[in-house]
Amino acid sequence: MASIQYREIDGRSGGYAALLAVLGALIIAGLAAAWTMEHHGHHITGMSNRIVWGIPHVFAVFLIVAASGALNVASIASVFGRELYKPLARLSGLLAVTLLAGGLAVLVLDLGRPERLIVAMTHYNFKSIFAWNIFLYTGFFAIVALYLWTMFERRMNRHSARMGLLAFVWRLVLTTGTGSIFGFLVAREPYDSALLAPLFIVMSFSFGLAIFVLVLMAGCRWTGRALGDVVLNRLRNLLGVFVATVLYFVAVHHLTNLYIARQHELERFLLWEGGIYTALFWLGQILIGGILPLALLYGTASRRALVAAALGVIVGGLAQVYVLIIGGQAYPQLLFPGKEVRSSFFDGVVASYAPSLPEVALGVGGVALALALTAVALKVLPFLPRSLADGDIAAAAA
Amino acid sequence: MNPDRRQVLAWGAAATAAALAPGLRLVELAQARSPQEAASKLQRWGLLIDITKCGECDACVTACHEENGITSNARPATDAQWIRKVSLRDTRTGYAQTLPLMCQHCEHPPCVDVCPTGASFKRADGIVLVDKHTCIGCRYCVMACPYAARSFVHETVSGQKADVPRGKGTVEACTLCVHRVDRGATPACVEACGRDGGGAMAFGDLNDASSAIHRRLKSEPSSQIRADLALNTGVRYQGL
């Protein structure tokens, strides 16, 4: 059996420096935004007492969900024994760590008191799903780091399958935890569903793989590595299955709500009368993030179509998380069934929200941090195979 | 004039009462809590609000915000509101009502469940509070509260009251005027409603069988907002 040859990327080109410069500028902008929000208070953002979680949370949740999904490629190799995926496993583990780091950075920097992070590390309320997540996230970093070590270190290779299994189980629990942040909100009709945990898991499969495909294609193209059709077509089919699964879960969620009389008003809001949220749902989440990628993935075999499909999944995914987080808060909480409600605290009306520049800069900064960490890691350690050409893959898998 | 038998008995009863009263008062004092003593679960502080007596005034809101140093920055979307007047109109019949809404001081508070650091907590006597030193400003409690009773402090606060610490970047809500309750007084909203409003609000110990609030809850109909959530709120309403 021919072994796979990995090599660091060269990282001395002008393009690489330019990439890091752009990402660095975005990271600095994100940090400046966080400082401004901290200094002035959150009133300078679009967030309010009705929309307490805004654009930063959309980016943070998207990145955290995508992080666990990015690990899937490695899991398929280690846990399900598909040799074809093995050369991709290191990059998969790397993206899992960097995307999570980007998402957590956004989440932490948006806190009202980010300097009290140490409090969150020393005071725990174990009934809080947030407190569990602190352990799930830090545990994920540690487990994936060990998993990567078993892949990199030849003497540890024999433990790779077991570490892969642990990482796979951990990531399922982690995404269950992220989905349950919303699923456990019993008092809000748009959330309060056990379905959100598995929905978040399939969303992670889809978002994570879309990002993985784009990073893999960019990494190979920009470093002159061969990337054969065998690998790409396998990933193409997998992405299609994941996109379809997300659509299925979304359909079941809405159909269930449509069946329940007390949820009719909510569905009328989300699917029909919700303005920006309705538009984002149908055009962003369903069309750009679902139907279009399916048509591109199964309708044509071109690489551009794959790139467009992956981009569509990411844009649609952000729209989905936006509708879920912000649309879910904008919809008025049910306090008095059968009554019209008015108050100075905006009870009974759809809350307005307009993202502010600092919020967007913080969210984008998190994405930039994830990508910058990835780019630097690729230069420091051999994450990428020398070649993913069809012949080399077949030889390695043989 | 010789006192008759009945009069003798009455004098005897009066003398007995006069002799026992200081003793009973001592028992009451002995049961009162010293400032050093922790809150006791023997008590469950709560409110009973008769909304048939609640008119269009906002005496409770003004008094609360004055008592607790809650000032407006003329930004309604981000200004803190510990108590608010809510107007209701029945969608079918058009029947209109108004009521004050604040933290309902649940026995099973969702805000306390979700708080990662334990900053949101419930005192033994049922008052739900936020520890300003351990709140990290994640706002998960605001997401979880069924009553939208919590506010996030969106900007620097000024004019704080010594009894009511506040801080930018943390979450806060009605404390049931815990600083007054611990001194044996009633919350500012209740006092103001009795003085300037319709006398719709009553405060007391829900556990104390001899308290007026307990007796009314036992003998008159009352309800909880979102009773379906089974949170056993400390704030009860009549006429809803």
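Rule-based calculations on the coordinates, nothing more; no lab input. All values reported here derive from a predicted model rather than from experimental measurement. Here the Cβ positions follow ideal geometry from the backbone for every residue, glycine too, while neighbour counts run over all protein chains shown.
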Quiz item: Using a ≥ b ≥ c from the Cα gyration tensor of the stretch A:158-259 (square roots of the eigenvalues), is it rounded, prolate or oblate, where a/c under 1.5 gives rounded and otherwise the larger of a/b and b/c decides, a/b for prolate?
Solution: prolate
Self-check item: Tensor-based shape of the stretch B:45-238 (alpha-carbon gyration tensor, a/c under 1.5 rounded, otherwise prolate or oblate)
Solution: rounded
Quiz prompt | R0 of 56 Å, Cβ-Cβ distance A:R7-A:T256: FRET efficiency to nearest 0.05 | solution = 0.65
Quiz prompt | Descending Cα extents along the principal axes, the stretch A:261-353, whole Å | solution = 55, 26, 15
Quiz item: Taking Cα atoms, how many degrees apart are the long axis of helix A:357-380 and the longest axis of chain A, rounded to 10 and kept between 0 and 90?
Solution: 10
Quiz item: Of chain A, which part is the longest with no GluC sites (Glu not before Pro) in a loop (DSSP not H, G, I, E, B) and with at most 15 other C-beta atoms within 10 angstrom?
Solution: A:154-398
Quiz prompt | Within chain B, longest stretch clear of exposed GluC sites (Glu not before Pro) (DSSP loop, no more than 10 other Cβ within 10 Å) | solution = B:57-240
Practice problem: Grab the beta carbon distance between B:Q36 and B:R215, set R0 = 35 Å, and tell me the FRET efficiency rounded to 0.05. | Solution: 0.65
Quiz prompt | If the convex hull is drawn through the Cα atoms of the stretch A:74-227, its volume per residue in Å³ | solution = 149
Quiz item: What nm value, rounded to one decimal, do you get for the distance between B:D228 and B:K53 when each label is placed 7 Å out toward the C-beta?
Solution: 3.1
Self-check item: A:V241/B:R75 FRET efficiency (R0 35 Å; Cβ-Cβ; nearest 0.05)
Solution: 0.15
Practice problem: Only Cα pairs under 8 Å and at least 6 apart count here; give the relative contact order of chain A as a rounded whole percent. | Solution: 34
Self-check item: Rounded to 10°, Cα long-axis angle of helix B:5-31 versus longest principal axis of chain B
Solution: 30
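Please identify the chymotrypsin sites (Phe, Trp or Tyr not before Pro) of the stretch A:251-345 that satisfy two criteria: DSSP loop assignment and at most 15 other Cβ atoms within 10 Å. Which are they? List each step's numbers first, then the result.
Details: sites: A:Y259, A:F269, A:W272, A:Y277, A:F281, A:W282, A:Y298, A:Y322, A:F345; in loops: A:F345.
Hits after loop and neighbour filter: nothing returned.
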Self-check item: Gaussian network model of chain A, Cα within-10 Å springs - most flexible of A:I260, A:I76, A:I201
Solution: A:I260
Exercise. Provide, for the protein assembly as shown, the number of lysine pairs with alpha carbons under 28 Å apart, each pair being eight or more places apart or on different chains.
Key: 25
Quiz item: How high is the relative contact order of chain B, in percent, with contacts defined as C-alpha pairs under 8 Å that are six or more residues apart?
Solution: 27
Self-check item: Cα centroid separation - the stretch B:207-235 against the stretch A:232-280, whole Å
Solution: 41
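So which chymotrypsin sites (Phe, Trp or Tyr not before Pro) in the stretch A:125-234 end up in coil per DSSP with only 13 or fewer other C-beta atoms within 10 Å?
Hits after loop and neighbour filter: A:F126.
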Quiz item: Dimensions of the protein assembly as shown along principal axes (Cα, Å, largest first)?
Solution: 129, 54, 41
Practice problem: Could you state the angle between the C-alpha long axis of helix A:89-109 and the longest principal axis of the C-alpha atoms of chain A, as a value from 0 to 90 degrees rounded to the nearest 10? | Solution: 30
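Write out the trypsin sites (Lys or Arg not before Pro) in the stretch B:55-161 meeting two conditions: DSSP loop, and at most 10 other Cβ atoms within 10 Å of their Cβ.
On the way: sites: B:R84, B:K85, B:R89, B:R92, B:K122, B:R123, B:K132, B:R139, B:R150, B:K161; in loops: B:R92, B:R123, B:K132, B:R139, B:R150.
Filter output for the stretch B:55-161: B:R92.
Counting alpha carbon pairs within less than 8 Å and at least 6 residues apart, what relative contact order, in whole percent, applies to the stretch A:245-347?
Values: 71 pairs, mean separation 23.8, N = 103.
That works out to 23 percent.
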